[in-house]
Every structure is written in C-alpha cells, then in structure tokens.
1. Which aspartates and glutamates does LYS43 reach when only Cα atoms under 16 Å apart count, and residues fewer than 8 places away in its own chain are ignored?
2. Let me check something: with ligands and nucleic acids excluded, how do SER213, SER187 order by accessible area (1.4 Å probe), largest to smallest?
3. Return a whole-number percent for the relative contact order of the chain, with Cα pairs under 8 Å and 6 or more residues apart as the contact set.
4. Could you tell me the relative contact order of segment 182-320? Use alpha-carbon pairs under 8 Å, at least six residues apart, and round to a whole percent.
5. Counting only DSSP beta bridges with both residues in the chain, what percent are antiparallel, rounded to the nearest 5?
6. Which GluC sites (Glu not before Pro) in segment 63-156 sit in a loop by DSSP (not H, G, I, E or B) and have at most 11 other Cβ atoms within 10 Å of their own Cβ?
7. Please identify the longest segment of the chain free of exposed trypsin sites (Lys or Arg not before Pro), where exposed means a DSSP state other than H, G, I, E or B and no more than 11 other Cβ atoms within 10 Å.
8. Given the protein chains as shown and a 1.4 Å probe, how many square angstrom of GLU183 are accessible, to the nearest 10?
Amino acid sequence: VPQHVWRINVDTPEEAHQNLSFGAADRWWEQTDLTKLILASNKLQCLSEEIKLLPALTVLDVHDNQLTSLPSALGQLENLQKLDVSHNKLKSIPEELLQLSHLKSLLLHHNELGRLPDGFGQLVNLEELDVSNNHLTDIPTSFALLINLVRLNLACNQLKDLPADISAMRSLRQLDCTKNYLETVPSKLATMASLEQLYLRKNKLRSLPELPSCKLLKELHAGENQIEILNAENLKHLNSLSVLELRDNKIKSVPDEITLLQKLERLDLTNNDISRLPYTLGNLPQLKFLALEGNPLRTIRRDLLQKGTQELLKYLRSKIQDDATNPGGEPPVTAMTLPSESRINMHAIATLKLLEYSEKQAAVVPEEMFDAVRGHPVATINFSKNQLREIPPRVVELKDSVCDINLGFNKISSVSLELCLLQKLTHLDLRNNFLTSLPEEMEALTGLQVINLSFNRFKEFPGVLYRIPALETILLANNQVGSIDPLQLKGMGRLGTLDLQNNDLLQVPPELGNCESLRTLLLEGNPFRTPRAAVLARGTAALLEYLRSRIPA
C-alpha cells in the first residue's frame with residue numbers, strides 16, 4: 001500500500017505548498033478524516049502497523065489478497081464497523097482485534113483459521129459474522145455473549161459439535177452449519193426464538209432437531225445427512241416453515257403431521273427411502289414445489305412425478321376422496337371377490353396399473369397376484385426386496401402392457417427367457433442380485449432404455465447390451481467387470497449414462513473418449529492408474545476430452 005495512503009489524514013496536501021489562495025472546495029484543513037478504505041483484490045501480503053493513523057475508519061475491506069497475518073494496530077481503529085478480510089491466507093487473528101467494540105460486520109471466510117481467540121465474545125455489537133470455509137474444529141464458548149448477532153455462518157469447517165451456549169444469541173436469525181461433521185444439534189438450540197433460517201446440510205445428523213420455540217423458523221435445510229426417521233415432534237411446532245429441504249437422506253416415511261405446516265411452499269424429499277406418502281399432503285394450501293424423485297414410491301408412477309408439483313398434488317387430493325369412501329385402501333369384499341384376493345390391492349392394479357409384491361421376504365410370488373390382474377393392462381411390476389431365486393415365469397402374461405419391472409434385492413442368478421419376451425419393457429431394475437451374465441435373447445428388448453445391474457457378480461460387460469440400441473442408461477456399479485469395448489459402445493448412439501464405479505477395470509481405453517453421446521461416465525473405485533483421480537473429478541466432458549487426447553495418432 002503506498003505510504004501516502006496511510007498518512008492521508010496527517011500530511012498536508014502537495015498543492016498547499018504551491019497555491020496560497022484557496023477556494024471553498026480546496027480548504028484542505030476543513031476536510032474530514034478518511035472513513036472508508038477499500039484495498040480488495042490486490043496482491044497484498046501484509047498491512048502496515050501505520051494503519052493506526054486512520055482512526056476514523058468505519059469500513060476496511062481487504063478481501064481477496066494474500067495476507068497471512070493482520071497488524072495488531074488494527075485494534076486501535078475504535079470506530080471500525082465493518083471489516084472484510086475474507087479470501088486471504090490468515091492462519092490466526094490478533095487478540096487486539098477483540099478491542100473493536102463498535103464492529104458490526106466481520107467477514108473472515110475462505111482463510112486458513114484453525115481456531116478463534118477465546119475472548120471473541122467481547123465483540124458484543126457484532127451483527128454479522130462469517131467464518132465459513134476455514135479449518136475450525138470448535139467454537140469459543142464466549143460466542144454466547146454475541147447477543148446482537150443476526151447472521152452467523154460456520155459452513156465448511158470441521159466442527160463435530162456446537163456449544164449449547166450458542167442458544168444465548170437471542171437475536172440470531174440465520175445460522176449456517178452446512179458441511180461440517182455434526183452428529184447432533186444441542187437441544188438448547190430449540191430455544192432460539194428469533195431463528196428464521198437454519199442450514200444443516202452435509203453433516204452426519206441421524207435425526208432432525210426438535211425446535212419447539214423456533215416459532216419464526218421459515219427455512220430448514222437438512223439435506224445430505226443420515227436422517228432415517230421424521231417424527232411428528234420434529235414438525236408440529238414449525239408453524240412458520242415455508243422451506244423444508246431433506247433430500248439425500250434415508251427417510252422411510254413421512255408422518256401425517258406434515259400437514260400442520262400450513263405455510264410450507266417448498267418440500268424437497270428427493271433421494272430418500274420413502275415408499276408411501278400421506279395423501280393429505282395434497283391439502284397444503286401454499287405448496288408450490290414438491291420433489292420426490294429417487295424414492296421407491298409404491299403408489300405414484302414415475303411418469304406422474306415428471307408432470308410437476310400441481311399434477312402431483314391434484315393426484316394426492318383425489319386419493320384422499322378414494323380413502324374416504326374406502327378407508328382400508330382394499331377392495332370391498334363382495335360375493336365376486338375370492339377370499340384370498342381381499343389382501344390384493346385391486347385399486348393399485350386397476351387405477352395405478354401397478355402389480356406390487358415387495359418387501360415380503362418371499363421365495364415366490366403367490367399365483368393369486370397374477371390371477372388378480374385378469375386382463376388389466378399392468379404397466380409397472382415391483383417384486384423387489386424378497387428372496388426370489390428366479391424371475392416369476394408368469395410375467396410373460398403381461399407382455400402386452402408392462403414397461404417397468406423392479407426385481408432388485410432378490411437372489412436371482414439368471415434372467416429367464418420369459419423376461420426377454422416383454423417387448424414393451426423400457427425400465428429394468430435387477431440391482432443387488434446374483435447375476436453373472438445376461439442371455440443373448442435379451443436383444444429382443446428393443447425398447448429398453450434403462451437397466452440397473454449394480455451390485456451383482458458380472459466379471460464381463462454383458463455383450464448383449466451393446467446390441468440394444470435404445471439403451472440410454474446402464475448402471476453396472478459394484479461388479480467385477482474387467483474390460484469394456486469402446487468401439488461397440490460408440491455404436492450406442494443414445495447412451496447418456498454409464499456407471500462402472502467399483503469394478504475391476506485395469507485400464508480405460510482412450511477410444512472411450514469418442515463416445516460423444518455420454519453425458520455421465522462414472523469410473524471411480526477401479527484399479528486403473530490413468531486417468532488419475534484429479535481428471536475424474538473434473539467431470540465427464542473433461543474426462544472424455546482427456547481420453548481423446550490419448551488416442552494414438
């Protein structure tokens with residue numbers, strides 16, 4: 001920083017020595033002291049202790065430089081209200097900084113801070129504090145004294161827990177703890193009555209915190225955790241909630257109490273283990289966005305999910321009326337109904353075109369399931385999560401209508417010829433079985449678009465797949481595949497996704513780079529040396545470009 005910047009309040013301007021007649025605008029002795037200094041986006045490695053010559057500063061902005069330390073003289077800028085030292089290389093901050101009693105905004109994000117001074121709570125007038133993207137492993141307990149703090153950002157650190165005293169921040173409206181190692185949230189957090197936005201994404205939470213006093217909470221973001229259970233207790237006090245984001249967890253069911261969230265506008269449940277939803281969800285008056293992709297929903301067809309939130313809500317509302325007239329969800333038993341059929345969901349077969357017998361741990365699918373279809377055009381079969389050792393031969397009876405079959409999580413060791421006759425098939429899920437090969441007859445499945453063969457026992461890429469031109473997605477992760485044929489893959493003009501993670505590929509043929517239809521190519525977890533992990537991490541387009549550059553001339 002040029003010397004005269006620090007001395008701007010002290011030194012007489014040059015022109016004073018030359019010009020002895022001053023107009024009103026030139027009366028330099030009446031000018032006020034410097035109050036704002038912005039030195040951002042330079043290459044500064046240090047700041048001079050002479051900064052103390054600028055005691056009237058209220059704003060100091062030195063973000064995006066190469067500072068490794070701050071001068072202790074900073075503590076003498078007693079009028080300072082905003083200090084931005086983000087995007088530098090600071091490993092610590094001087095204790096003197098804690099003397100800045102008028103400081104309202106302190107931005108320390110994107111540095112290399114391993115800890116904060118214990119006396120941090122002395123900055124009692126602080127309203128905004130951002131320490132995200134550092135290396136912090138804990139928070140000083142004196143944080144409890146920051147009772148005027150409105151926004152606190154702790155994201156992208158290494159915090160394993162939060163001090164319970166944080167609940168004393170009675171003015172806090174926004175708390176961001178994204179991407180840490182939190183396994184729990186202190187129960188006292190529940191008393192933070194001013195909290196409006198709480199970000200807990202990308203942690204290790206197993207349950208949502210109960211927040212009975214957070215009556216003003218509008219946004220709760222808890223995606224990418226390990227939450228399995230959503231309790232009524234978690235929800236029933238959150239009367240003001242408008243955004244609830246729970247994507248990429250392990251939630252199995254949604255309690256009926258979700259309908260108490262009358263102000264909910266966005267609900268994101270993408271990629272969980274939810275098999276059924278309370279139909280009353282359709283009655284939430286403000287709901288504008290509902291995301292459910294990637295859940296094993298039994299009663300909602302995939303094409304309905306793709307039609308958007310309003311269609312989905314309309315469908316859920318229609319089901320409430322169905323339930324009202326037929327509370328058990330089972331067909332009424334009439335003289336025409338066989339006793340064994342009363343446990344078969346005829347509504348699912350007739351209305352949803354779904355034949356379902358999943359999570360029964362059954363070795364066979366009862367004949368009466370197929371008997372019940374009786375000419376109904378079933379589009380979806382779900383026999384997943386059983387103990388089936390073979391594909392039920394009677395699936396062939398549904399060959400004129402079935403397009404989606406889920407046989408995942410069974411003990412199937414071979415694909416039957418009956419399956420190869422289902423010419424309308426577009427989606428086939430055979431993940432988590434004992435398959436080692438596929439029959440050549442599968443070539444007849446000319447409409448097949450998506451096949452999931454993850455977690456089987458394939459040692460070779462199934463050759464028949466190269467000859468199914470409609471395939472758009474092949475999921476073969478967690479097998480023992482040792483090689484692939486790039487020339488045959490190039491001929492698959494619609495193939496957009498190929499997942500070969502965690503296999504035994506010893507090399508990646510450079511010619512794979514010519515498969516230009518690929519939008520997603522996943523190869524992590526294989527024993528090949530090149531391309532290196534850094535290349536894989538740059539994404540599919542960069543990976544394909546790298547492979548093309550390695551093709552021998």
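1. Within reach: ASP61, ASP64, ASP84.
2. Largest accessible area first, the list is SER187, SER213.
3. 4
4. Dividing the mean separation by the residue count of segment 182-320 yields 16 percent.
5. Roughly 0 percent of the beta bridges in the chain run antiparallel, per DSSP.
6. Qualifying residues, ordered by number: none.
7. 44-373
8. GLU183 has an accessible surface of roughly 120 Å² with all protein chains in place.
The values are calculated or read from the model by the stated rules, or taken from the named source; none is laboratory data. This structure is a prediction, so every number in the text was calculated from the model and none was measured. We place every Cβ from the backbone using ideal geometry, glycine too, and count neighbours over all the protein chains shown. Ligands, DNA and RNA are excluded from the accessible area calculation, which covers all protein heavy atoms including side chains. Shrake-Rupley method; radii C 1.70, N 1.55, O 1.52, S 1.80 Å.
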